[in-house]
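Asks: Below: one structure in structure tokens.
Every read-out reported here was derived from the displayed coordinates using simple, explicitly stated rules and does not represent laboratory data. The structure presented is a predicted model; accordingly, all values stated were derived computationally and were not measured. Glycine also receives a Cβ, built like all others from the backbone with ideal geometry; neighbour counts cover every protein chain displayed.
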């Protein structure tokens, strides 16, 4: 499967929008990047230099990959390498995967 359904992207978009209160959006944002059948949720921070036109930095939080059985959830190590998130399982719905990231029972996604 190479295309993420628009309905799943809408759910991911909604999840990202609710993670940060509006008054903090100048300090941190949660967004996502799509590449093929994988979606990576990222935490974005403003430029360290304080330059308003500078590039925001991105830190990966979670990756979800879609295949014929459903979504598989991945976490990232301190070096930015993705690993299968064993407690989350495979064959998840997009809502189950997002709920696992939200709950973060092992503190691997949000720290």
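Asks: Sort out which residues of the range 77-111 are on the phi > 0 side of the Ramachandran plot and exposed (fewer than 11 other Cβ atoms within 10 Å of the Cβ), and write them in order of number.
Replies: Listed by number, the residues that qualify are 80, 107, 111.
Asks: Quick check on my filter: what residues within the range 10-31 are closer than 27 Å to residue 72 by Cβ and in a helix (DSSP H, G or I)?
Replies: 10, 11, 12, 13, 14, 15, 16, 17, 18
Asks: So which residues in the range 74-104 are part of a strand (DSSP E or B) and under 12 Å from residue 61 (Cα atoms)?
Replies: 74, 75, 76, 82, 83, listed by residue number.
Asks: Among the listed residues 42, 34, which satisfies the condition of being part of a strand (DSSP E or B) and within 17 Å of residue 108 (Cα to Cα)?
Replies: One residue alone meets the criteria, 42.
Asks: From (1) without any contact (Cβ under 8 Å) to a residue 12 or more places away in the chain; (2) in contact with a strand residue (DSSP E or B) (Cβ under 6 Å, 6 or more places away or on another chain); (3) more than 16 Å from residue 109 (Cβ to Cβ), pick out the condition that doesn't hold for residue 54.
Replies: Result: residue 54 passes all but (2).
Asks: May I pose another question? I need the full set of residues from the range 1-28 which are closer than 22 Å to residue 95 by Cβ and over 14 Å from the mean Cα position of the chain (by Cα), in order please.
Replies: 1, 2, 3, 4, 5, 6, 7 - these are the residues of the range 1-28 that are closer than 22 Å to residue 95 by Cβ and over 14 Å from the mean Cα position of the chain (by Cα).
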